[in-house]
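Q: Pasting a structure here, questions to come.
The values are calculated or read from the model by the stated rules, or taken from the named source; none is laboratory data. Quick caveat, the model's predicted, so the values are computed rather than measured. Cβ: placed from backbone, ideal geometry, glycine included. Neighbour counts: every protein chain shown. The area values use the complete protein model at the heavy-atom level, side chains included, leaving out ligands, DNA and RNA. Shrake-Rupley method; radii C 1.70, N 1.55, O 1.52, S 1.80 Å.
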Amino acid sequence: MTMREQIEAAAARYPDQRSAIMPALLIAQREHGHLPGPVLEEVANILGVERIWVYELATFYTLFHIEPGGMFHLQLCDNVSCMLRHSEDLLRHLEEVLGIKKGGTTPDGLFTLSTVECLGACEMAPVMQVGDDYHGNLDVARIDALLDSLRAMARQVESEPAFARPPGE
């Protein structure tokens, strides 16, 4: 099914096309990896809504990415619960180990590092989201082990023949 067909099918579930913007953005991001201006315009055109409405949602929510990022997006929570459990120290460690600052992407394209206001997982503080997965009760050793695991996963993907990978990867 094309992106257009997927968005139209998702939009059919809503009485107002504006209500379908978020699902449409998720579909578009899955297709393109991020949401540059032309993709936002395409979503607006498919839904028949104002471009500004699509842009507002795409730039407000942290799950949408306007700029291309690394293979793994590391989103460290910096809300009060995580901060009280030393998330700032973990951020400094990540910046040092990865050689980038918050908001940056490693030169090899593997990691993008950012902080988010709240992941809603205070019981696991400090917590970080990588893709759709949460990793909690973090300390330096757990972060280092996670980074090693992600690097190994990236090497495995790179070693697979291109025909074995899903389209777009």
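Q: Note the full-extension length gain between Gln156 and Asp132 as 0.36 nm times their separation in residues minus their Cα-Cα distance, in nm to one decimal. If you can, show how the numbers build up before the last one.
A: On the way: separation 24, 0.36 × 24 = 8.64 nm, distance 1.94 nm.
Full-extension gain reported as 6.7 nm.
Q: Which order do the peptides 45-54, 149-158 take when ranked by the mean count of other beta-carbon atoms within 10 Å per residue, highest first?
A: Numbers: 45-54: 15.9, 149-158: 12.5.
My ranking of the peptides, most packed first, is 45-54, 149-158.
Q: Same structure again: Could you list the GluC sites (Glu not before Pro) in the stretch 67-134 that lie in coil according to DSSP, counting only those with at most 12 other Cβ atoms within 10 Å of their Cβ?
A: Working: sites: Glu88, Glu95, Glu96, Glu117, Glu123; in loops: Glu117.
Passing sites in the stretch 67-134 are Glu117.
Q: Leaving ligands, DNA and RNA out of it, report the carbon-plus-sulfur percent of the accessible area of the chain at a 1.4 Å probe. Before the final figure, lay out each step's value.
A: Details: 5210 of 9930 Å².
C and S atoms contribute 52 percent here.
Q: If you don't mind, there's one more thing I want to ask. How far, in nm, would the chain grow between Leu84 and Glu8 when pulled straight, counting 0.36 nm per residue and subtracting the alpha carbon separation?
A: On the way: separation 76, 0.36 × 76 = 27.36 nm, distance 4.45 nm.
Fully extending the segment from Leu84 to Glu8 adds 22.9 nm.
Q: So how do Met22, Met71 rank on accessible area, 1.4 Å probe, biggest first, that is with the largest at the start?
A: Details: Met22 65, Met71 95 Å².
So, going from the largest accessible area down, we get Met71, Met22.
Q: Dipole magnitude of the chain about its Cα centre, charges +1 at Lys/Arg Cβ and -1 at Asp/Glu Cβ only, in debye to the nearest 20?
A: Numbers: 13 positive and 25 negative charges, 22 e Å.
Once rounded to the nearest 20, the dipole reads 100 debye.
Q: For the stretch 3-60, with equal point scatterers placed on the C-alpha atoms only and solvent neglected, what are the log10 I(q)/I(0) values from the Debye formula at q = 0.19 1/Å, to two decimals?
A: -0.54
Q: Just check the stretch 38-161 against the gyration tensor rule for me: Cα atoms, a ≥ b ≥ c as the square roots of the eigenvalues, rounded for a/c under 1.5, and otherwise prolate or oblate depending on whether a/b exceeds b/c. Don't skip to the answer; put the middle values down first.
A: On the way: a/c = 2.31, a/b = 1.40, b/c = 1.65.
Judged from the Cα gyration tensor, the stretch 38-161 comes out oblate (a/c at least 1.5, b/c at or above a/b).
Q: Quick one: dipole size for the stretch 3-60, taken about the Cα centre, charges +1 on Lys/Arg Cβ and -1 on Asp/Glu Cβ, in debye to the nearest 20. Could the numbers behind the result be given before it?
A: Working: 5 positive and 8 negative charges, 23 e Å.
My answer is approximately 120 debye.
Q: Modelled label-to-label distance, Asp148 and Ser19, 7 Å Cα→beta-carbon offset: nm?
A: Modelled inter-label distance: 5.0 nm.
Q: From a point 7 Å beyond the Cα of Leu26 in the direction of its Cβ, which residues of the stretch 68-103 have a backbone N at a distance under 19 Å?
A: Zone members listed by number: 73, 75.
Q: Roughly how far apart, in whole Å, are the Cα centres of the stretch 72-114 and the stretch 14-55?
A: That distance is 29 Å.
Q: Suppose R0 equals 30 Å; then what is the FRET efficiency for Ile66 and Asp139 from their Cβ-Cβ distance, rounded to the nearest 0.05? Please report the intermediate quantities before stating the final value.
A: Working: r = 32 Å, r/R0 = 1.07.
About 0.40, to the nearest 0.05.
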